[in-house]
Amino acid sequence: MEDTFLGVPGTRSTLLRIVQEVRVVIACSIGMRHIRPAHDLDLLVHPADWQQLLDMNLGQLVRGGDNPWYEIGDNIDAFVAGWPAGQFTYEQTWREAELVRLDGPEYVPVWTLAQTYAWKQAAGRVKDRRDIALIDAYARDGFNEVVSAFFNADE
């Protein structure tokens, strides 16, 4: 089986290892719906499991403090649940997430598109503006218009 999850290369085997030991919710609903190609997977990690993830030695801590960021290979970024400003607790995101088959009997929770939209708005990052516009177009016009907008955006 190819080592991909939701079209992101080099992620399936790592995710299998992580989800057996750490509670996570995966943010990849844009790629999952083919609104745009998925570039990476973001993991929202339960705060009580954060140290356990670090102890697995799968990557490197990019940023510590109140808003830690852990990079696992080229395609997985992990964040502690509750960022930004306590808005996205693990319990809330898990409760609202969609279950997606990872491998065999293994399912993982993946954020809904509404959760992803709210996260990107709350984060206020410049890099998220395009995704917010794509989600808006997807909600308004449907799949074909979004695909057209994505591929024509750089022209």
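The values are calculated or read from the model by the stated rules, or taken from the named source; none is laboratory data. What you are looking at is a predicted structure, and each value in this text was computed from that prediction instead of being measured. Don't worry about glycine lacking a Cβ; one is built from the backbone with ideal geometry, like all the others, and counts go over all protein chains shown.
Residues being loosely packed, with under 15 Cβ neighbours inside 10 Å and in contact with a strand residue (DSSP E or B) (Cβ under 7 Å, 6 or more places away or on another chain) are entirely absent from region 26-46. Kindly indicate the residue of region 57-75 that is under 26 Å from Asp3 (Cβ atoms) and of a type in the set (Gly, Ala, Ser) and also surrounded by the most Cβ atoms within 10 Å (Cβ to Cβ) among those meeting that condition. So the residue we want is Gly59. Residues that are touching an Asp or Glu at 6+ places or on another chain (Cβ under 9 Å) and in a loop (DSSP other than H, G, I, E, B) were ranked within region 44-71; the one that is nearest to Gln92 (Cα to Cα) is His46.
Every residue, every condition in (1) at pLDDT 85 or above; (2) over 13 Å from the mean Cα position of the chain (by Cα); (3) surrounded by 12 or more Cβ atoms within 10 Å (Cβ to Cβ); (4) more than 14 Å from Asp42 (Cβ to Cβ), yes or no:
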residue	(1), (2), (3), (4)
Leu102	no, yes, yes, yes
Glu106	no, yes, yes, yes
Pro109	yes, no, yes, no
Thr116	yes, no, yes, no
Ala123	no, yes, yes, no
Ile132	yes, yes, yes, yes
Ile135	yes, yes, yes, yes
Arg140	no, yes, no, yes
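So which residues in region 7-21 are in a loop (DSSP other than H, G, I, E, B) and buried (at least 21 other Cβ atoms within 10 Å of the Cβ), if there are any at all? Scanning region 7-21 gives a single hit, Thr11. Annotation: of all residues in region 58-84 being closer than 16 Å to Leu41 by Cβ and small (Gly, Ala, Ser), the one that is farthest from the chain's Cα centre (by Cα) is Gly59.
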